[in-house]
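The block underneath contains the structure these notes are about, expressed in structure tokens.
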């Protein structure tokens, strides 16, 4: 299921990276999730020429839920890097699950 406009809007300068982590309520494992940059319309202007790329997609085991060993709690991670050379990029996250 796709999701968009998640998290605070942050700015990343050319050549810099931002590490994100995200999760669902109670650390629910939602299967394979892919995240990437989302440019919220309220912060994009004609002068914004950033090129943002997602890498280092992953999932962390945060512990066991109330169901014991068969019930894990997870946290998803992704790195967003500005690979452009012209300007900074204000963004938050969008993504979705793979089925």
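Each value in this text was obtained by applying a stated rule to the coordinates, not by laboratory testing. Being a predicted model, the structure only gives us computed values, none of them experimental. Ideal geometry is used to build each Cβ from the backbone, glycine not excepted, and the neighbour counts take in all protein chains shown.
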Label point distance in nm, residue 49-residue 62, each placed 7 Å from Cα along Cα→Cβ: 4.0
Estimated inter-spin distance, residue 86 and residue 24, nm [label 7 Å along Cα→Cβ]: 3.8
Proportion of all alpha-carbon pairs of the chain beyond 17 Å (%): 54
Relative contact order computed over the chain (Cα-Cα under 8 Å; 6+ residues apart), in percent: 49
